[in-house]
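A.B. asks: Before I ask anything, let me first share the structure, which is written out below as structure tokens.
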Amino acid sequence: MKLEKLYSILNKVLGTKVFYGINVYDNEDNASMPYIVYQEISKRPIGYHDDFPIRYQRTIQITLVTKRKDTLLEQKLEKQLLKKGIFFSVLTETINSDKSVNRIYEIKMEE
């Protein structure tokens, strides 16, 4: 799966509040919560043929940022991922100093 396809899936959860890498969409204004940030954190070869990789496994991290714990939005995101055949792990959930919540998912994709 390409990152563009993942973006379109995440976009169905929060519309235009999905960003790659960071939550800043211009120099003046940051997105208001809730929003989703996704990024590729690794890309490793799996399987070789004549010393060349046959396939790669990509690890993508998806962070859902909310003002406070929002189980309905979490369920919406998780259902959307599962509906599209994307299986995930929840890595962690942290509460920030402003009481906002970061819930971090990890998905693995082969290409």
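The values are calculated or read from the model by the stated rules, or taken from the named source; none is laboratory data. Quantities reported herein were computed from a predicted structural model and do not represent experimental measurements. For neighbour counting, all protein chains shown are included, and Cβ atoms are generated from backbone atoms with ideal geometry for every residue, glycine included. The area values use the complete protein model at the heavy-atom level, side chains included, leaving out ligands, DNA and RNA. Shrake-Rupley method; radii C 1.70, N 1.55, O 1.52, S 1.80 Å.
A.B. asks: Considering the alpha-carbon set of the chain alone, what are its Rg and its Dmax in angstrom?
C.D. replies: Computed over the Cα atoms of the chain, radius of gyration and Dmax are 15.4, 53 Å.
A.B. asks: May I ask you to evaluate 6.51 cos²θ - 1.76 cosθ + 1.60, the Karplus curve with θ = phi - 60°, for each residue of the range 100-105 and list the ³J(HN,Hα) values in order in whole Hz, giving x for glycine and proline?
C.D. replies: 6, 10, 10, 10, 10, 10
A.B. asks: What are the ³J(HN,Hα) values, in whole Hz, obtained from phi via the Karplus relation 6.51 cos²θ - 1.76 cosθ + 1.60 with θ = phi - 60°, for each residue of the range 7-21 in sequence order, with x given for Gly and Pro?
C.D. replies: 4, 5, 5, 5, 4, 6, 8, 10, x, 7, 9, 10, 10, 8, x
A.B. asks: Could I ask something else about it? Using a 1.4 angstrom probe and counting only protein chains, how large is the accessible area of Asp70 in Å², to 10?
C.D. replies: Answer for Asp70: close to 60 Å² accessible.
A.B. asks: So, one more: Once phi is turned into θ = phi - 60°, what whole-Hz ³J(HN,Hα) does the Karplus curve with 6.51, -1.76 and 1.60 give for every residue of the range 57-67, x standing for Gly and Pro?
C.D. replies: 10, 9, 10, 10, 10, 10, 10, 9, 10, 10, 5
A.B. asks: Can you figure out the FRET efficiency of Lys69 with Lys12, using R₀ = 25 Å and their beta-carbon distance, to the nearest 0.05?
C.D. replies: After rounding to 0.05, the efficiency reads 0.70.
A.B. asks: Next question, about the same structure. What is the helix-to-structure angle for 71-83, meaning the angle in degrees between its Cα long axis and the longest Cα principal axis of the chain, kept from 0 to 90 and rounded to the nearest 10?
C.D. replies: Approximately 20 degrees, to the nearest 10.
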